[in-house]
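Only one structure is covered here, and it is reproduced in the block below.
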Amino acid sequence: MKITSDSVLKMCDEIEAGKSNNDEVKQMLVELGNDKRWEEMWKISHALGIEISWIKDAKNDVWVDFGSTGEVTLEPPIGAQLPFQLWVHTHPWNAYWSITDLGTLARFTGLIKEALVLGHNHSKHTLCNLQFGDSLEEGVDPLSTWTDEPCISYEVSK
């Protein structure tokens with residue numbers, strides 16, 4: 001599927017008109033994520049009015065889940081191979097690590113290499129410094145293994 005900026009706008013229009021097909025929307029989100037077209041992924045999520053989750057496993061297989069208006073949880077897909085290379089999800093407006101997100105990062109420390117949350121004109125990124133298969137030392141906060149990076153605008157990240 002060749003995705004252009006026009007086809008993304010058309011998909012957003014179809015979503016808002018109630019004429020979209022969930023399978024087609026998910027396929028477009030897979031491709032946009034594979035191409036690192038984060039701002040357009042956020043626009044589709046915004047048109048849907050929900051948060052979305054996009055995850056790529058060790059075999060480069062990608063899964064997309066739809067959440068609610070205020071939350072999407074990471075549900076590891078059956079058949080996925082660890083470690084997950086990248087977990088991307090959207091927020092309704094601002095990109096930040098919510099309480100739910102922080103809990104997910106803590107639970108999946110060492111199982112996800114990289115995570116990204118998308119906002120309306122910016123994203124927030126983190127890398128896990130605990131290698132897959134390694135164990136945390138007793139008493140170490142799992143969140144301390146993740147990098148703390150500032151939000152960056154989509155223009156800067158291109």
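Contact map, the stretch 95-117: first residue at positive phi and in contact (Cβ under 8 Å) with a residue 12 or more places away in the chain, second residue assigned to a loop (DSSP other than H, G, I, E, B) and small (Gly, Ala, Ser), Cβ cut-off under 9 Å, separation 6 or more or different chains; pairs are Gly110/Gly133; Gly110/Ser135.
Tell me yes or no: at least one residue of the stretch 130-137 is farther than 21 Å from Val25 by Cβ, in a loop (DSSP other than H, G, I, E, B), touching a helix residue (DSSP H, G or I) at 6+ places or on another chain (Cβ under 7 Å) and free of Cβ contacts under 8 Å to residues at least 24 places away in the same chain. Yes, there is a match, as at least one residue in the stretch 130-137 is farther than 21 Å from Val25 by Cβ, in a loop (DSSP other than H, G, I, E, B), touching a helix residue (DSSP H, G or I) at 6+ places or on another chain (Cβ under 7 Å) and free of Cβ contacts under 8 Å to residues at least 24 places away in the same chain. Out of everything in the stretch 112-135 that is among the hydrophobic types (A, V, I, L, M, F, W, C) and buried (at least 17 other Cβ atoms within 10 Å of the Cβ), what residue ends up being farthest from Ser153 (Cα to Cα)? Within the stretch 112-135, the match that is farthest from Ser153 (Cα to Cα) is Leu130. Close contacts from the stretch 46-60, counting a first residue that is within 22 Å of Glu114 (Cα to Cα) and a second that is among the hydroxyl-bearing types (Ser, Thr, Tyr) and surrounded by 16 or more Cβ atoms within 10 Å (Cβ to Cβ), with Cβ to Cβ under 7 Å and a gap of 6+ residues or different chains, come to Glu51/Ser45; Glu51/Thr90; Ile52/Ser45; Ile52/Thr90.
Across the stretch 63-81, not a single residue is classified as farther than 23 Å from Asn21 by Cβ, outside any loop (DSSP other than H, G, I, E, B) and either within 11 Å of the chain's Cα centre (by Cα) or in contact (Cβ under 8 Å) with a residue 40 or more places away in the chain (or both).
The requirement of being in contact (Cβ under 8 Å) with a residue 24 or more places away in the chain and closer than 21 Å to Ser5 by Cα is satisfied by Val30.
On the given criteria, is Leu105 assigned to a loop (DSSP other than H, G, I, E, B) and in contact with a strand residue (DSSP E or B) (Cβ under 7 Å, 6 or more places away or on another chain)? For Leu105, the condition - assigned to a loop (DSSP other than H, G, I, E, B) and in contact with a strand residue (DSSP E or B) (Cβ under 7 Å, 6 or more places away or on another chain) - is not met. Within the stretch 108-129, being of a type in the set (Ser, Thr, Tyr) and either assigned to a loop (DSSP other than H, G, I, E, B) or under 27 Å from Lys43 (Cβ atoms) (or both) holds for Ser123, Thr126.
Rule-based calculations on the coordinates, nothing more; no lab input. None of these values were measured; they are calculated from a predicted model. Every residue, glycine among them, receives a Cβ derived from its backbone with ideal geometry; neighbour counts consider all protein chains shown.
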